[in-house]
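A short write-up of the structure that comes next.
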Amino acid sequence: MIRALARAALTRPPLYPLLQRRVLARGPLTILCYHTLGGETSGPDAWTSLRVSDFRAQIALLRRHYRIVPLDEVLDPPGDGRPRAVLTFDDGDRGLHRHLLPLLREDPVPVTIYVATSQIETGATYWFDRVANACGGTGRLEIDLSDAGQGTVVIEGTGERRWLMQSALHDRLKSVDPATRERLADRIAALAPVPSGPADATEALGPMTLAQLQELTADPHVTIGAHSHCHNLLDQLPLESARESIVRNKALLEQWTARPVEHFAYPNGNYNAALIELVRDLGFRTATILDNALAWPGANPHVLSRIAVGRYDRLDRLRLRLAGL
């Protein structure tokens, strides 16, 4: 309650206009990170699936104060002096084809989609989406991870409270090696299988098909970026394995889309000095992280800050992030 009252005070006159002017005067580049879009009531109750109506409201908010630009322009001079915002999406979920593409055709806005290619090549859903599909219902799940040294996790409730439990589960899974992580994700997915039927009808989280990716890429407002092939945490891999994943990812995307791929996003935002050097040496113009911060003039173009936005981030919370809070 106290935090809600504080957000309300900070995001209304007279305080918010003062905060906003102070930040925008410093010329930040505001890069927002989304994952996918979903229907108003369908699909799993997952932070990564933003309702289309909320995305539209956020675009309207941004347009009042920002020039929404393609990621290709982030290294260019600011132009007319208006603050710039960039919209990015991670992973390549099928919801982007079902919901984002019609929106772009109706109300064009530039977006960058960082695509991880293994799930599109194989059709196999990445571990984090399998877990989110299983945990995104309404029932109580008790998940035994003791054989991996992670104890027992309980998922219950609804909405943001449920997602916070899921997020803690994801953090536990990220701490184990990739093979164990896959095994545990399969176990969790078996506890609450995705309903049968066409993937687009159930709105389960999962990859686009290659044909859907190519249709999305054909839209002139879409820039495709790289996101690794494996979507593992690259700082947990041997550097040569990370290199192989990124190189394969870039090559497949350029083959599939017939476009150069010049931008990269570190999976989960995990990076280190060796990965920064690797991404630069592979010819990417930019690389983005996930630290919920604004990018400032003079920042390393291969460590560009982004603000994560999801299903439970109300407009007042977004306004605070936009003000650097």
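General observations
- Residue in region 27-39 that is nearest to the chain's Cα centre (by Cα), counting only those that are assigned to a loop (DSSP other than H, G, I, E, B) and over 17 Å from ARG94 (Cβ atoms): PRO28
- The listed residue being in a helix (DSSP H, G or I) and modelled with pLDDT under 75, out of ARG56, ARG22, ARG7: ARG7
- Top-ranked residue of region 163-187 - restricted to ones that are part of a helix (DSSP H, G or I) and polar (S, T, N, Q), ranked as farthest from TRP47 (Cα to Cα): THR180
- Checked against (1) at pLDDT 90 or above; (2) over 30 Å from ILE59 (Cβ atoms); (3) small (Gly, Ala, Ser); (4) outside the structural domain of LEU213 (by TED's automatic domain parsing), SER118 passes all but condition (4).
- Qualifying residue in region 100-111 (condition: in a strand (DSSP E or B), out of contact with any Cys (no Cβ under 9 Å at 6 or more places or on another chain) and either in the same structural domain as MET165 (by TED's automatic domain parsing) or farther than 20 Å from GLU182 by Cα (or both)): yes
- Here the condition is being touching an Asp or Glu at 6+ places or on another chain (Cβ under 8 Å), of a type in the set (A, V, I, L, M, F, W, C), at pLDDT 95 or above and not in a helix (DSSP H, G or I); of PHE284, PHE264, it holds for PHE284 alone.
- The one condition in (1) in a loop (DSSP other than H, G, I, E, B); (2) in contact with a Ser or Thr (Cβ under 7 Å, 6 or more places away or on another chain) that GLY139 fails to fulfil: (2)
- Hey, THR112 surrounded by 13 or more Cβ atoms within 10 Å (Cβ to Cβ) and under 30 Å from ASP219 (Cα atoms) or not: yes
- Residue match in region 108-116 (condition: in contact (Cβ under 8 Å) with a residue 60 or more places away in the chain and within 27 Å of ALA190 (Cβ to Cβ)): yes
- Qualifying residue in region 56-63 (condition: in contact with a helix residue (DSSP H, G or I) (Cβ under 8 Å, 6 or more places away or on another chain), in the same structural domain as PRO108 (by TED's automatic domain parsing), under 30 Å from ASN133 (Cα atoms) and of a type in the set (Lys, Arg)): yes
The values are calculated or read from the model by the stated rules, or taken from the named source; none is laboratory data. Owing to the predicted nature of the structure, the values given are computational and were not obtained by experimental measurement. Heads up, the Cβs are rebuilt from the backbone with ideal geometry, glycines too, and the neighbour counts pull from every protein chain shown.
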